[in-house]
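Readers should treat all values here as calculations from the given coordinates under stated rules, not as data from a laboratory. These numbers were taken from a predicted model, which means no experiment stands behind them. Every residue, glycine as well, gets a Cβ built from its backbone with ideal geometry; the counts of neighbours run over all protein chains shown.
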Amino acid sequence: MSSTLGVSRPDQASYMLRTAASDAGRAYKQQLLDLLDIQAGQTALDVGCGPGTDLPALAERVGDSGMVIGVDRDPAMLIQARERTGDLDQVEVREGDVHALPLVPGTVDRAKADRVLMHVAEPADALAQLHRTTRPGARVGLAEPDWDTLIVDTEDLETSRAFTRFITAEIVRNATIGRSLARLAEQAGFHVDTVLGTTPVFQDFHEADHTLGLGRNMQKAISDGHIDRDRGRRWFDGLSQGPFYASFTLVSVICSR
């Protein structure tokens with residue numbers, strides 16, 4: 001397998017599925033579901049469900065007497081989510097935006113938003129929507145990276161720092177949302193029960209390149225004039241030489257209504 005500076009990002013569904021299937025992805029998702037304590041017969045909501053990666057696991061937990069609602073605004077994602085859950089009668093996939101969730105107020109027992117708020121226009125409004133749709137006693141699980149904590153080990157420390165600054169300033173809309181989750185959840189009216197920080201570690205260069213977009217984002221940083229071309233190319237080329245290390249912090253918050 002080879003990695004090339006400037007290679008285009010894979011389609012969003014493939015990217016999400018591969019990331020969820022990684023060791024780090026499986027671990028934090030399992031932890032989030034366990035902490036939500038989903039019970040049989042409950043209504044569970046997956047906000048920004050994407051291609052439906054987590055919908056079968058939610059369906060298993062609510063059982064035949066429960067209901068799972070997946071919401072996404074991307075038609076391509078909705079098609080895949082419906083295909084993935086076509087044989088699960090308790091799952092319903094709805095088109096909708098996180099800022100205006102298509103649900104009756106006070107009807108959800110458990111909800112999750114996993115790596116969604118970093119992309120939305122107004123995270124506070126999205127959390128207000130979650131508060132509106134959940135019933136008293138409901139639990140909500142949130143998980144978001146804090147991209148300021150992205151570190152990539154090279155001898156050229158300054159270029160690694162410049163790369164992280166570029167990601168936080170130019171690539172991710174709400175790059176530091178992870179550290180703000182607990183505060184924003186309380187401001188939305190939730191009680192924060194648990195705050196956890198985990199550190200996905202990448203020791204395989206190619207996996208990190210796929211997940212973190214090392215090559216494609218460095219090329220954009222070069223093209224946009226944030227990092228010198230030769231300096232950026234040397235940095236990227238050097239990453240595959242010898243032992244590799246990269247990591248970031250993922251924050252998970254469990255809160256109650």
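Points to keep in mind about this one:
- Convex hull volume per residue in cubic angstrom - Cα atoms of the chain: 118
- On the beta carbon distance between residue 79 and residue 121, with R0 = 25 Å, the FRET formula returns roughly 0.55.
- Cβ-based net charge around residue 71, under 13 Å, with every Lys or Arg adding one and every Asp or Glu removing one: -4
- Summing Cβ point charges (Lys, Arg +1; Asp, Glu -1) relative to the Cα centre of segment 12-142 gives a dipole of roughly 220 debye.
- Local net charge near residue 159, Cβ-Cβ under 13 Å (Lys/Arg +1, Asp/Glu -1): -1
- Ranked by how many other Cβ atoms sit within 10 Å of their own Cβ, fewest first, the residues 85, 133 fall in the order 85, 133.
- Over segment 147-231, all Cα pairs binned in 5 Å intervals from 0 give whole-percent P(r) values of 3, 12, 20, 22, 16, 10, 8, 6, 3, 1, listed from short to long.
- Counting Lys and Arg as +1 and Asp and Glu as -1 over every other residue whose Cβ lies under 9 Å from the Cβ of residue 140, the net charge comes to +4.
- Working from Cα pairs under 8 Å separated by at least six residues, relative contact order for the chain is 22 percent.
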